[in-house]
Amino acid sequence: KTSFYDAIEFLFTGQVRRYEELVDSAANKKKYNQDGSPLLNKDYNGDALSIKAELEIGEETIFLMRKEKSSVLRSPQTLSAIKLPLYRLESLEDNNPKFVENEEEYLKRFLGNDYVQNFEYLNYIEQQENLYLLKQPDKGRATAIAHLFKTTEFQNKIQLITVAKKKINKLN
């Protein structure tokens, strides 16, 4: 199931956050610098990595593809700097993909404004990242929870109210 969710995240965002966290950990930096990208098996000799999907959304069917050359994926840059381009297809067999200029707006049209956050929430629950979250220091855990449940805006408002309350109390 992890690979399935990785593939969906890869399709919707062009990246796999779990791999970024793996590569960024100190223990793995050396390994991936030697072996290349975790997106490709070190013995993979194909010219590109791609994922294609057929999505039925309401009455509409869309075909999407992300694709990048293996040489780009194996480059020494950080994995988070690599984002595979999104293409639309007429069918899964289409050999003439059309590059999507503004992929975020394009995907929002079909998947809704919060598609990335919704996926992250679903992935969090399905992948049991809550165990990872529980092992984080308090500040990191609070930040992750705020991001996951979109409470940052409310926290900022509470902080402003607290500051105003202190100022009013000083005036009294």
Out of curiosity, is LEU107 among the hydrophobic types (A, V, I, L, M, F, W, C), open to solvent by less than 50 Å² (accessible area, probe 1.4 Å) and at pLDDT 85 or above?
yes
Identify, from the list LYS167, LYS135, the residue that is loosely packed, with under 13 Cβ neighbours inside 10 Å and either acidic (Asp, Glu) or at pLDDT below 70 (or both).
LYS135
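The values are calculated or read from the model by the stated rules, or taken from the named source; none is laboratory data. A quick note: this is a predicted structure, and the numbers were derived from the prediction, not measured. Because the Cβ atoms are built from the backbone with ideal geometry, glycine has one as well, and the counts that use them run over all protein chains shown. Surface accessibility is based on the protein's heavy atoms, side chains included, excluding ligands, DNA and RNA. Shrake-Rupley method; radii C 1.70, N 1.55, O 1.52, S 1.80 Å.
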